[in-house]
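Presented below is the structure to which this report refers.
Read-outs: derived from the displayed coordinates by stated rules, not from any lab. What you see is a predicted model, and the numbers here were worked out from it, not measured in a lab. Cβ sites come from the backbone with ideal geometry, for glycine too, and all protein chains shown count toward neighbours.
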Amino acid sequence: MKRQQNPQSFEPTTIGCGPDRDSGSQERGAILVIVLVLIFAVTLALMAYLYLNKNNTLIASNLAVQNAAQEATDQGVQNAAQWLQQNNPQISPPSYYFSSMSAVPSDYGSSSNTNPVAPGPVFWQSCASAGTCYPLPQAVQYGPFSFAVQYVIFPSTATPVPLNGYQVTGGNAPTANYYVVFIHAQKTGSRGGLGVTVQSVVRVVQ
């Protein structure tokens, strides 16, 4: 009687030829870091663009208001010139006429100059209520903006010049007097914004 032997099956064993799982994880981690850096760089560039664009818009808006304010001061110059043509401030000076820098109020700003200089911002804020400047009765509309315009008057340091071409001579001859007018225009509304002060010399024959 022969014995039967059960054949034993052996499975082949593969020794370390597959992919390295650790190196794959490292590559994915490196790619993630690169993507995050790129996202941060793009976000930073976008924020810088938005900031610069906002500043450019603000600058353009401020320039538009400033240009409109300068145009609005023309109304103040015309008003002052008309008043000086009809009145002699050296005879009956109004409260907004200052004979020299030593006669200006304490909140005017610099008062040590011999020649007239423009008032400071603090002066314009309260001069209308104090009666030390003349405010135009109505706001000046220029484009989409509205401005409160006010001014003060000084005599010019120039000597009055007798006019040529007149038949009257001597002490009764007409003379050209010069006055320095500082006109301030301030944007009205809840957000007043910029104010502009300009200087003008008005020639008056008296």
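If you plug the beta carbon distance of residue 203 and residue 103 into 1/(1 + (r/R0)^6) with R0 = 30 Å, you get a FRET efficiency near 0.85. The distance between label points at residue 48 and residue 92 comes to 6.7 nm (points 7 Å beyond Cα on the Cα→Cβ vector).
Work out the FRET efficiency for residue 67 and residue 122 from their Cβ-Cβ distance, taking R0 = 30 Å, and round it to the nearest 0.05. Provide the component values of the computation, followed by the final result.
On the way: r = 25 Å, r/R0 = 0.82.
Efficiency for this residue pair is about 0.75.
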